[in-house]
1. Regarding segment 127-230, what are the three Cα extents along the principal axes, ordered largest first, in Å?
2. Quick one: if you take sqrt(5λ) for each eigenvalue of the C-alpha gyration tensor of the chain, what semi-axes come out, biggest first, whole angstrom?
3. At a 10 angstrom cut-off on C-beta neighbours, averaged per residue, how do the peptides 122-131, 65-74 rank from highest to lowest?
4. In deg cm²/dmol and to the nearest 500, what is the mean residue ellipticity at 222 nm of the chain if only DSSP H runs of at least 4 residues count, each as -39500 (n - 2.57), divided by the residue total?
5. Which number comes out as Rg/Rh for segment 74-177 once both Rg and the Kirkwood Rh are worked out on C-alpha atoms?
6. Can you work out the FRET efficiency for the pair residue 31 and residue 105, with r the C-beta to C-beta distance and R0 = 30 Å, to the nearest 0.05?
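Every number in this text was worked out from the coordinates using simple rules, so none of it is lab data. The structure presented is a predicted model; accordingly, all values stated were derived computationally and were not measured. Using ideal geometry, Cβ is built from the backbone for each residue, glycine included, and neighbour counts are taken over all protein chains shown.
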């Protein structure tokens with residue numbers, strides 16, 4: 001009985017060692033971008049534009065995000081696992097004249113930073129995959145008299161699911177991969193801080209509704225480079 005258990009352990013160890021030997025690690029780097037559905041966030045933007053109508057330049061809605069994606073992939077045959085990090089951003093500015101005659105020029109920055117783990121299946125040059133991620137949404141605004149520094153207004157996090165297809169263009173040293181995706185939120189993100197910070201610049205007595213939740217559904221594409229053997 002003991003001998004059989006030892007044989008089983010050795011067999012499992014041999015399989016693991018073989019998988020490591022035939023597997024392949026790849027580093028990925030590239031562009032990711034997408035379109036975003038954020039009705040509650042953009043309702044805040046629309047209400048602000050409607051309430052204060054003396055704009056030289058209205059605040060635009062937040063509809064798309066673009067940025068960098070980095071990660072590691074471990075592939076064994078037709079199956080792969082990935083660890084990824086991405087940071088997508090968008091910005092919008094507003095110029096208006098206050099009742100005091102002062103010109104207000106303000107810029108707002110939305111960023112989405114995400115850490116994720118995914119599994120992929122490959123069928124020739126094509127494939128598909130899914131991942132679960134932890135995404136943090138941040139709203140920042142510029143600081144007067146400062147070109148580089150920004151003031152953090154709100155920061156909220158929630159889990160997400162991403163589902164995607166993939167197409168590979170393999171090379172001898174570097175491969176190009178296209179991944180169209182949809183991203184489904186698993187939790188709500190409170191955007192009341194953005195409402196408060198945006199409006200109190202003009203109306204110091206403004207009080208935002210404290211619970212305004214956004215989900216940030218997204219769809220888009222990642223265009224990535226993978227090094228090494230595929």
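1. Result for segment 127-230: principal-axis Cα extents of 62, 34, 17 Å.
2. Over the Cα atoms of the chain, the ellipsoid semi-axes are 47, 19, 14 Å.
3. Working: 122-131: 14.4, 65-74: 17.1.
Ranked by mean Cβ neighbours within 10 Å, highest first: 65-74, 122-131.
4. Calculated mean residue ellipticity at 222 nm is -6000 deg cm²/dmol.
5. Dividing the radius of gyration by the Kirkwood radius yields 1.21.
6. Calculated value: 0.50.
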